[in-house]
Amino acid sequence: MRCPECQHANVAGSLFCEVCGADLDTQVVALPTPAPAIAEPASPAEPAAQTTGLGGGSEAADGSVPTGALVCAHCGHGNDPRFVICEACGRALTRIAVVAADEAPARRLETAAAQPAPAPPAAPSLVSGQLATGPQRGKVKLVVEQGMVLGKQFLLSEEQSLVGREDAADRIFPEIDLSGLDEGYVHRRHALLTFEGTFLFVTHLGGHNRTYVNNRPIADHLPHPVNIGDTVRFGKVLLRVTEA
């Protein structure tokens, strides 16, 4: 059926021209019947081509709608993208793009969740032997709490102080002289009190009569930390570490 306006050859039975949309009811023009084409057998190297064109057979050979075709919203026919009228039912076409089946949808890029900021390191706590106010020589003392002279004090003014009993014959003169307090249990060279940085240590120098920190014996020749408020016992003489 040829359109009287644009002379386009439309599908037989169409109500409107598929190109210009003109009404085809006013004139019906019979088209000559084309001679049937003789199909030639396809060679093995070249398989027979399948019809996938648009317009006058715009659907693929398997019945699917070709990519890019304008699908009619009323009858589902796939039209040439240039058409404004469906060549099958004559309704106006709306441009609906057909997405190919093998086209994968775009994936959304997921960003990793923000990691929480690391917590600041906790302030180190004081350990035994670290004085809260700083082990300043001349500001730390030992006070006798058990022995022959209660309340006697010894100021730790040297970097290292010997604890023991005086013996002039052997030239032993300890800074912390416990002579007369409990001579039967204190050795002449009993222990050492040493300042090292922010720590105060006591070292037992050996012998049967032990050195105790907070009523626990310490190992021989191994510096043991003490702190303000701790008790140190040499034999049976008990002293407490305090701030001067």
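Okay, here's what the table says:
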read-out: Given (1) among the hydrophobic types (A, V, I, L, M, F, W, C); (2) in contact with a strand residue (DSSP E or B) (Cβ under 8 Å, 6 or more places away or on another chain); (3) at pLDDT below 60, index of the condition ALA132 fails; value: (2)
read-out: Residues within segment 211-235 that are buried (at least 18 other Cβ atoms within 10 Å of the Cβ) and within 14 Å of ARG189 (Cβ to Cβ), tallied; value: 3
read-out: Pairs where the first residue, in segment 12-25, is assigned to a loop (DSSP other than H, G, I, E, B) and the second is of a type in the set (S, T, N, Q), C-beta under 6 Å, 6+ apart; value: CYS17/ASN10; GLU18/ASN10; LEU24/SER14
read-out: Long-range neighbours under 9 Å by Cβ, at least six apart or interchain, first residue over 20 Å from LEU178 (Cα atoms) within segment 210-234, second among the acidic types (Asp, Glu); value: PRO223/GLU196; ILE228/GLU243
read-out: Pick from segment 1-26, criterion more than 10 Å from ILE85 (Cα to Cα) and among the acidic types (Asp, Glu), ranking: farthest from the chain's Cα centre (by Cα); value: ASP25
read-out: Any hit, segment 143-157, residues being over 21 Å from ILE228 (Cβ atoms), in contact with a Gly (Cβ under 8 Å, 6 or more places away or on another chain) and surrounded by 16 or more Cβ atoms within 10 Å (Cβ to Cβ); value: no
read-out: Matching residues, segment 192-231, being in contact with a Pro (Cβ under 6 Å, 6 or more places away or on another chain) and assigned to a strand (DSSP E or B); value: PHE195, PHE199, LEU200, PHE201, THR203
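The values are calculated or read from the model by the stated rules, or taken from the named source; none is laboratory data. Just so you know, these numbers come straight off a predicted model, no measurement behind them. Counting neighbours? That spans all protein chains shown, and the Cβs are built from the backbone with ideal geometry, glycine included.
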